[in-house]
Amino acid sequence: MEHVRSGQDQEQERSAGPQLARMLRRWWEEAGSTTGGTRPTQQALAARLGIDQTTLSRYLNPKHLSTAPPRVVEILHTQLGAPATELEQARTLCRTALRENGRKQGSDSTADQAADPSDPSGLGADGLNDTSGRQPSRWLRRALVAAAIMLAFTAGALVNEQLSAPGPKATDTGAAGALSTSEAPYEWPLLRMGEEDQFSRARALQNLLNAHGYKVLADGFFRQDTRDAVMDFQQRHDLPVDGKVGPLTWPELVKVVEHGSGAFEVRAVQELLNNVGQGGTAVSGKFTAATVQDLKFFQRTHGLAATGRVNADTWLALLVKQLPPVKAPAYQRGTSPLPSAPL
């Protein structure tokens with residue numbers, strides 16, 4: 001029995017998950033050794049990733065591991081200065097580990113169902129046994145699993161086709177930062193003056209207004225000063241002057257953001273990236289390499305060209321994909337003024 005268990009342990013150690021964890025841990029342990037810098041603490045790394053330290057520790061522990069998602073692997077590679085040649089190897093291990101985890105979960109689920117003591121009839125959750133009480137034949141179970149996989153694949157293909165539909169392209173002529181109107185499968189959100197903190201979308205709006213020369217406080221509260229700036233912008237761009245930011249105003253307001261862009265528009269992008277559920281993005285107003293990496297990851301995972309450049313398609317996807325906010329960011333808490341009366 002001990003020999004069998006030892007063999008199973010060795011096989012587990014050779015699987016992709018532990019290999020990835022060992023690689024990530026080595027990156028962390030060796031960080032700073034070649035450049036003479038200081039290795040970051042796991043607490044600091046976790047804060048940068050937007051996760052808790054316990055989760056990060058599991059990503060780095062081959063004995064009690066959780067498989068790190070692709071974005072975490074990529075950010076760790078950059079933050080820890082790991083060898084460039086190991087990034088693709090880590091990505092491959094990550095993809096393999098996720099597939100192995102999926103297969104294991106499926107096997108565990110089947111075993112649990114077969115041994116479920118709460119089902120004395122022996123029919124199982126799907127009731128597929130025949131009248132004699134025998135379990136379905138092996139070929140039938142395989143056929144059912146194959147059919148389920150095919151349905152999931154078809155549904156995924158349809159979603160990917162929708163997300164990959166052509167959208168607006170940035171123009172290289174006309175005013176600096178001008179963008180064409182969007183045909184992406186999303187709708188521009190509607191923002192208007194109100195009492196509530198409208199969080200990342202409103203702060204992005206206010207930063208974009210400042211990028212156009214206005215002076216409004218980017219605190220997430222759509223007050224009268226923000227509404228006045230919106231109305232003036234609408235009048236100057238021959239838009240309906242209603243003080244609301246929707247499908248006509250957003251395309252005129254957003255700018256192409258790339259290396260060399262101004263701090264306000266960069267900050268607007270970072271505000272949105274920081275709240276799409278892929279880990280923290282520093283809101284600094286500087287278009288750093290980390291910002292580009294976060295941006296490319298978002299673009300890849302939402303059917304957009306991973307250019308590291310923000311055009312109308314990316315602006316639209318960022319605005320639509322904002323998570324329901326729980327609270328203002330740490331740098332914002334306690335600094336927001338009282339909101340104005342509603343419209």
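Results, tabulated for the structure shown:
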read-out: Solvent-accessible surface (1.4 angstrom probe) belonging to HIS77, in square angstrom, nearest 10; value: 20
read-out: Spherically averaged projected area in nm², based on the convex hull that wraps the Cα atoms of the stretch 225-294; value: 5.5
read-out: Nonlocal amide H pairs with ASN61, under 5 Å, H built at 1.01 Å; value: SER66
read-out: Cα-Cα over 25 Å, subset of LYS215/LYS321; LYS63/LYS321; LYS244/LYS296; LYS244/LYS321; LYS215/LYS286; LYS255/LYS321; value: LYS215/LYS321; LYS63/LYS321; LYS244/LYS296
read-out: Label-point separation in nm, THR41 to HIS259, each point 7 Å along Cα→Cβ; value: 3.4
read-out: Whole-percent carbon and sulfur share, accessible surface of the stretch 178-295, 1.4 Å; value: 48
read-out: Cβ-Cβ FRET estimate between ARG14 and LEU87, R0 fixed at 22 Å, reported to 0.05; value: 0.55
read-out: Ranked order, THR67, THR226 - accessible area, probe 1.4 Å, largest first; value: THR67, THR226
read-out: Extension gain from GLN235 to GLU195, taking 0.36 nm per residue of separation minus the Cα-Cα distance; value: 12.0 nm
read-out: Spin-label model distance (nm) - ASP52 vs GLU100, 7 Å beyond Cα toward Cβ; value: 2.7
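The values are calculated or read from the model by the stated rules, or taken from the named source; none is laboratory data. Treat the numbers as computed from the prediction; the structure is a model and nothing was measured. So basically every Cβ, Gly included, is an ideal-geometry build from the backbone, and we count neighbours across all protein chains shown. Just the protein is used for accessible areas: all its heavy atoms, side chains included, with ligands, DNA and RNA removed. Shrake-Rupley method; radii C 1.70, N 1.55, O 1.52, S 1.80 Å.
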